[in-house]
Amino acid sequence: MFAERTNWNLEPNRLGTALAAHRAAGKPLLDLTVSNPTECGFAYDREAILEALRNPGALEYEPNPRGLASARTAVAEYYAARDANVSIEDLFLTTSTSEAYSFAFRLFCDPGDEILIPAPSYPLFDFLADIQDVKLVRYPLLYDHGWQIDFHSLEQAITPRTRGVIVVHPNNPTGHFTRPAEMLRLNGTCAAREIAIIADEVFLDFHLGVQKQVSFAGNSSVLTITMSGLSKICGLPQMKVAWLAVSGPQQLKERALARLEVIADTYLSVSAPVQLAIPKFLAQRHGFQEQLMSRVRRNLAELDRQLAEQKNCSRLEVEGGWYGVLRVPAMRSDEDLALALLNEKGVYVHPGHFYDFTADGFLVVSLITPERTFAEGIRRIFAFLQ
């Protein structure tokens, strides 16, 4: 009766079961995995947000597959501030980056075609690909005083059924950006094999360095789909607004735009009130981002302070995003360690294998965790590992 593509193992994993039991018992919990910014104590201009949703234009329906021009203009201005020239005609609004991925997968892939994804990376990709009948093939990221793409393995992974390469810029959870030299080599690899680049830039604004990072939205060498949205940029995941920008050689871009217009017209999924509010939401992003990055920096400083007081653990280099990766003694599996921390110390962290780390000895923590919770949680982790 049901499609094989949805025949997932829906049984909760051991850590999820233990977490549910911990919460059901009412035990204190230090959650170092929080990722919902609306629950992390950041100050929002509530009045301005609600006022933006009261636009009387929302009483009229103006269906446009790409989205309202006023909203796309605001997105184009966002890219212009990053020195990327993006026409509003090259933009499509979606309800989420997940929907943007579904558009890209439908654009490029027939059932069974392949998309390359980085490892480590975010675990949601598997479900998105399953739903679209796409096969994911992983290419490794290597760590040596910083992360880099293993181009030899990436190129070896390309087959006649490969349709695109996903780049997460910066990566989640490793927090590293794709370097300009890597962009150039990736362009050469994809152009030679006639495959597309799909760039996920939801964390692009959250960089720890001084200089802004270059966006793939201005990439003209290879057909490129660049995604982002308000969930991270403005800390407004509940508004359900994202987009994709199309760039690349003109003829390929025109063909992609024509096909995407049909896909988008089939759904018309973004609501008018939210589209009309996008210019005001984007105008408010700087205040939110300053708060969040200030917390990320303070949590990183606290983490480094505690790391300096012990010898068993370290952290991997991070350049941006909201997450940190701890390197811990691999005396047991990451899942067993996470279970022990939860049951014995009341600290919840993610084991590295959740993100496709290929070896044990890694824990992932959220750097937007409220500071007192973060500091105490890290203290308990290191005390446990002494």
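The values are calculated or read from the model by the stated rules, or taken from the named source; none is laboratory data. Computed from a predicted structure; not experimentally measured. Here the Cβ positions follow ideal geometry from the backbone for every residue, glycine too, while neighbour counts run over all protein chains shown. To get the accessible areas, we keep the full protein, side chains included, count just its heavy atoms, and leave off ligands, DNA and RNA. Shrake-Rupley method; radii C 1.70, N 1.55, O 1.52, S 1.80 Å.
For the residue pairs LYS27/LYS212; LYS212/LYS253; LYS212/LYS311; LYS27/LYS280; LYS232/LYS311, alpha carbon separations beyond 32 Å are given by LYS27/LYS212; LYS212/LYS311; LYS27/LYS280; LYS232/LYS311. Look at the dipole of the chain built from charges on Cβ: of LEU53, LEU107, LEU19, the Cα furthest out on the positive end belongs to LEU19.
Inverting the pair-averaged 1/r between distinct Cα atoms of segment 183-308 gives 17.0 Å as its Kirkwood hydrodynamic radius.
Can you give the accessible area per residue of segment 121-274, in Å², using a 1.4 Å probe?
Working: 6500 Å² over 154 residues.
Result: 42 Å² of accessible area for each residue.
Here the calculated FRET efficiency for MET1 and ASP336, from their Cβ-Cβ distance with R0 = 41 Å, stands at 0.60, rounded to the nearest 0.05.
Looking at segment 39-79, the accessible area is 62 square angstrom per residue; that uses a 1.4 Å probe and ignores ligands, DNA and RNA.
Protection proxy ranking for 210-222, 304-316, 110-122, using the average of other Cβ atoms within 10 Å per residue and placing the highest first: 110-122, 210-222, 304-316. For segment 72-134, which chymotrypsin sites (Phe, Trp or Tyr not before Pro) are in a loop by DSSP, counting at most 13 other Cβ atoms within 10 Å? Answer in residue order: no site qualifies.
The label point for LYS27 and the one for GLU317, both projected 7 Å from the Cα toward the Cβ, are 3.8 nm apart.
The simple Förster model, with R0 at 41 Å and r as the Cβ-Cβ distance, assigns LEU268 and ALA181 a FRET efficiency of 0.50. Distant-in-sequence amide contacts of PHE206, defined by a placed amide H-H separation under 5 Å and a gap of 5 or more residues or a different chain, comprise GLY321. Averaging the sequence gap over all C-alpha pairs within less than 8 Å and six or more residues apart, then dividing by the number of residues, gives the chain a relative contact order of 24 percent.
The aspartates and glutamates whose alpha-carbon is closer than 16 Å to the alpha-carbon of LYS345, local same-chain residues fewer than 8 away aside, are ASP31, ASP334, GLU335, ASP336, GLU376. To put it simply, the accessible area of the chain at a 1.4 Å probe is 51 percent carbon and sulfur. Hydrodynamic analysis of segment 284-326 uses the Kirkwood radius over alpha carbon pairs. Inserted into Stokes-Einstein at 25 °C and 0.890 mPa s, it gives a translational diffusion coefficient of 213 µm²/s. Ranking of GLU290, GLU302 by solvent-accessible surface, largest first: GLU290, GLU302 (1.4 Å probe, protein heavy atoms only, all chains present).
Of the Cα atoms belonging to segment 11-73, the radius of gyration and Dmax stand at 20.5, 51 Å. Site pair PHE127 and ARG46 shows an inter-label distance of 3.0 nm when each label is modelled 7 Å from Cα along Cα→Cβ. Ranking of THR94, THR373, THR17 by solvent-accessible surface, largest first: THR17, THR373, THR94 (1.4 Å probe, protein heavy atoms only, all chains present). Across MET239, MET293, MET183, mean-square fluctuation computed from a Gaussian network of the chain (C-alpha pairs under 10 Å connected) peaks at MET183.
Grouping the Cα pair distances of the chain into 20 Å bins from zero gives a pair-distance distribution of 27, 57, 16, 0 percent in increasing distance order. For segment 312-386 versus segment 220-279, the inter-centroid distance based on Cα atoms is 35 Å.
Of the chymotrypsin sites (Phe, Trp or Tyr not before Pro) found in segment 145-212, none is in coil by DSSP with at most 10 other Cβ atoms within 10 Å of its Cβ. Sparse packing (at most 15 other Cβ atoms within 10 Å of the Cβ) combined with a DSSP loop state is found for the following GluC sites (Glu not before Pro) in segment 138-200: GLU194.
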